[in-house]
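Peer 1: After the structure tokens below, expect a handful of questions from me.
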Amino acid sequence: LRHQLLSAVEAAATLDAIETIRIEALGKQGRVTQLLKTMGAMSPEERQVQGPAIHGLREAVTNAIAARKAALEADALAAKLASERIDLTLPVDAVPAGTVHPVSQVMDELAEIFADLGFAVATGPEIETDWHNFTALNIPDTHPARAMHDTFYLQQGLDAKAAGTADEKTTFSLLRTHTSPVQIRTMLGQKPPIRIIAPGRTYRSDSDATHTPMFHQVEGLVIDKGITLGHLKWTLETFLKAFFERDDIVLRLRPSYFPFTEPSAEIDVGFTWTKGKRVIGGSGDAQGGGWLEVLGSGMVHPKVIAACGLDPAEWQGFAFGCGIDRLAMLKYGMDDLRAFFDGDIRWLKHYGFAA
Ligand code: PHE
């Protein structure tokens, strides 16, 4: 019986087979269990001979089953590990990735170009006070220029104004309509000489193919002694040549009006036509092209300098303001401003901004 059971255990190929053998041998009705039961009816002499043999048999079978079971379990585990193996060296599919947005990219380019000219980057809040956005820039309450700005006013500002309690210098009452309030904050915050650009978001209640309610501007401000319109023109020409990466940039200064500059000039750049597309560069008049307005600028108004606590007899300067989205459109040939804010990766790809 011993030999029969042990070779059956040895031959068992599965854990189920082992269990069947265990029940047959050691279960309640098992053959070894039956043998153990016969011992009760034996004479003491007989039990002394048979007892160790029966117990030995039970122990040998129990051990053999445990050993075989352990071996089968080890095999099963090895098989499972082999089947679930992950090949870490297999290449994965690339996840589509976006890139830095064209507007952010242009902002970085601006900061770089102007850093080479000695300009630092300044910032100001997008929620502004009436005073910083308008009054200090020589746009008093009654000024018609306020109507031109399509300002988003905040309810708390309107409420304070209606109650006659608005302190226009400290109540943040509107979304800035241009980056020019950063001129004011900079002049109030640091001593001249000043050379800064201020890129950032601006807001006007306006929307079509070339206007979005939120857009981006960059402001420029230089305050020093003996600053002239010549410095303004050279700075903008140098900037535009670097930005459009062309030496044949031609500027046209067109007399204009801004309350905070005097004199004021709109800056146009010449463009020519190539394959039905406008290309910045060349003289708009001489080569059958035209002019595109890119910047507003002028000499900082003495009243603005005085509003910031500086003596206009001692300090002069120039300022300019420019739509960043518009610059990006001109440089990269995009034609609908609204697409800038759709977050569509196909659009980025089309203009070479995503792989
Ligand atoms: N702030 C003006 C605008 O938004 C631009 C400007 C800035 C003009 C600085 C002159 C000087 O239209």
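The values are calculated or read from the model by the stated rules, or taken from the named source; none is laboratory data. Bear in mind the structure is a predicted one, so any value in this text is a computation, not a measurement. Note that we place each Cβ from the backbone using ideal geometry, even for glycine, and neighbour counts take in every protein chain shown.
Peer 1: Out of all the residues in segment 278-302, which are more than 14 Å from the ligand (Cβ to nearest atom) and either basic (Lys, Arg) or assigned to a strand (DSSP E or B) (or both)?
Peer 2: Arg278, Val279, Ile280, Gly282, Gly290, Trp291, Leu292
Peer 1: Give the residue, chosen from Ile345, Ile324, that is under 19 Å from the mean Cα position of the chain (by Cα) and modelled with pLDDT of 90 or more.
Peer 2: The match here is Ile324.
Peer 1: Could you list, in sequence order, all residues of segment 215-244 that are in a strand (DSSP E or B), within 14 Å of the ligand (Cβ to nearest atom) and of a type outside the set (Val, Ile, Thr)?
Peer 2: Residues satisfying the conditions are Phe215, His216, Gln217, Glu219, Gly220, Leu221.
Peer 1: Could you tell me how many of the residues in segment 140-170 are of a type in the set (Asp, Glu), away from the ligand (no atom under 14 Å from the Cβ) and surrounded by 13 or more Cβ atoms within 10 Å (Cβ to Cβ)?
Peer 2: Of the residues in segment 140-170, 2 are of a type in the set (Asp, Glu), away from the ligand (no atom under 14 Å from the Cβ) and surrounded by 13 or more Cβ atoms within 10 Å (Cβ to Cβ).
Peer 1: Which of the residues spanning segment 259-277 are in a loop (DSSP other than H, G, I, E, B), under 35 Å from the mean Cα position of the chain (by Cα) and either closer than 30 Å to Arg146 by Cβ or at pLDDT 90 or above (or both)?
Peer 2: Phe260
Peer 1: Scan segment 152-164 and tell me whether some residue there is within 30 Å of Pro263 (Cα to Cα) and of a type outside the set (A, V, I, L, M).
Peer 2: Yes, some residue in segment 152-164 is within 30 Å of Pro263 (Cα to Cα) and of a type outside the set (A, V, I, L, M).
Peer 1: Hey, among Ser173, Ser207, which residue is loosely packed, with under 13 Cβ neighbours inside 10 Å, closer than 20 Å to Glu126 by Cβ and modelled with pLDDT under 95?
Peer 2: Result: Ser207 is the single residue among Ser173, Ser207 that is loosely packed, with under 13 Cβ neighbours inside 10 Å, closer than 20 Å to Glu126 by Cβ and modelled with pLDDT under 95.
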